[in-house]
Amino acid sequence: MAKLTRKISESTIHRLSIYYRALVALERDNYTTISSKELAKREKLTPAQVRKDLSFFGSFGTRGLGYPVAELKNRIAEILGLTRLWNVALIGVGNIGSALAQYKEFAKQGFNIKLVFDNDQRKIGSNHKGIIVSDIRDFKRLVQAEKVDIVIIAVPAQAAQAICDEVVSAGIKAILNFAPINLKVPDDVILRNQNMCIELEHLAFALSNPGN
Ligand code: ATP
């Protein structure tokens, strides 16, 4: 695994994901090199920003020739932790949870949903839309046995903090939360929130305030 010599900001990590997708597409289209100018244009960024972001990888790229597409893609994949598989467990097989459990892109990107949990007796043990649902009471034992790295929480807001505490006490260090609530986690646990209402509010704001 590549070691970073500097701390990377969240916004840079976000752009690295964007570059990674662009490089995958470029490689598919048989590009062997790409200049910072071209990459910037494709992603509506400035060439200076691209060069600054990619400077994390040391002196990558040759002046005049640009960056080698395949090598740069592989380096970014290493930095983003995409060169290995990640075991994922999901809690809450409601509408959102079952949609996520069936989302094929996760596996393609190396995120393997190995376990799905619920506390509803009608769902537990059943083949719920193609997924065998485990009892939340077996959470700790199963996630440890399956070496789960990341947990997705998709339970209702009122159940989410208690579930989150259970996840943390099972030793999980990375959580993706879909419940519309601010969860509290210890400093050594990474929490990302996916609140779709907030995303829609951003769009509503943009539509209500054109040009802002
Ligand atoms: P549905 O129509 O299946 O109820 P929903 O998305 O409206 O879907 P929610 O009330 O948001 O349902 O609950 C999502 C899922 O979380 C449900 O399957 C529910 O059984 C499950 N759930 C709720 N509380 C817990 C809990 N404490 N532990 C595990 N699963 C839970």
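The values are calculated or read from the model by the stated rules, or taken from the named source; none is laboratory data. As the structure is a computational prediction, the values presented were derived from the model and not from experiment. Here the Cβ positions follow ideal geometry from the backbone for every residue, glycine too, while neighbour counts run over all protein chains shown. Note: accessible area is taken over every heavy atom of the protein model, side chains too, but ligands, DNA and RNA are not part of it. Shrake-Rupley method; radii C 1.70, N 1.55, O 1.52, S 1.80 Å.
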Given the options 113, 124, name the one that is under 14 Å from the mean Cα position of the chain (by Cα) and open to solvent by 30 Å² or more (accessible area, probe 1.4 Å). 113
For segment 6-25, enumerate the residues that are assigned to a helix (DSSP H, G or I), within 10 Å of residue 53 (Cβ to Cβ) and of a type in the set (Val, Ile, Thr). 12, 13, 18
Counted residues in segment 92-102 being within 21 Å of residue 147 (Cα to Cα) and either open to solvent by 30 Å² or more (accessible area, probe 1.4 Å) or near the ligand (Cβ under 10 Å from one of its atoms) (or both) come to 4
Does segment 169-184 contain any residue that is among the hydroxyl-bearing types (Ser, Thr, Tyr), at negative phi and open to solvent by 50 Å² or more (accessible area, probe 1.4 Å)? yes
Check whether at least one residue in segment 111-121 is touching a strand residue (DSSP E or B) at 6+ places or on another chain (Cβ under 7 Å), aliphatic (A, V, I, L, M), in a loop (DSSP other than H, G, I, E, B) and under 17 Å from residue 86 (Cβ atoms), and report yes or no. no
Here is a check on your reading of the model: is residue 190 surrounded by 11 or more Cβ atoms within 10 Å (Cβ to Cβ), more than 13 Å from the ligand (Cβ to nearest atom) and not aromatic (Phe, Trp, Tyr)? yes
Which pairs have Cβ atoms under 6 Å, sit 6 or more apart or on different chains, and link a residue in segment 172-186 that is under 21 Å from residue 145 (Cβ atoms) to one that is of a type in the set (S, T, N, Q) and open to solvent by less than 20 Å² (accessible area, probe 1.4 Å)? none
Residues of segment 122-134 being under 19 Å from residue 160 (Cα atoms) and assigned to a strand (DSSP E or B), which ones? 134
Considering every residue within segment 163-171, establish whether at least one is closer than 22 Å to residue 113 by Cβ and assigned to a strand (DSSP E or B). no
Which of (1) within 11 Å of the ligand (Cβ to nearest atom); (2) touching a residue at least 60 places away in the same chain (Cβ under 8 Å) is the odd one out, the single condition residue 89 does not satisfy? (1)
Number of the exception - residue 82 against (1) touching a residue at least 12 places away in the same chain (Cβ under 8 Å); (2) in a helix (DSSP H, G or I); (3) not hydroxyl-bearing (Ser, Thr, Tyr): (2)
Residue identified as modelled with pLDDT of 90 or more and open to solvent by 80 Å² or more (accessible area, probe 1.4 Å) among 63, 15, 21: 21
For the subset of segment 137-162 comprising residues that are surrounded by 19 or more Cβ atoms within 10 Å (Cβ to Cβ) and assigned to a helix (DSSP H, G or I), which member is farthest from the ligand (Cβ to nearest atom)? 143
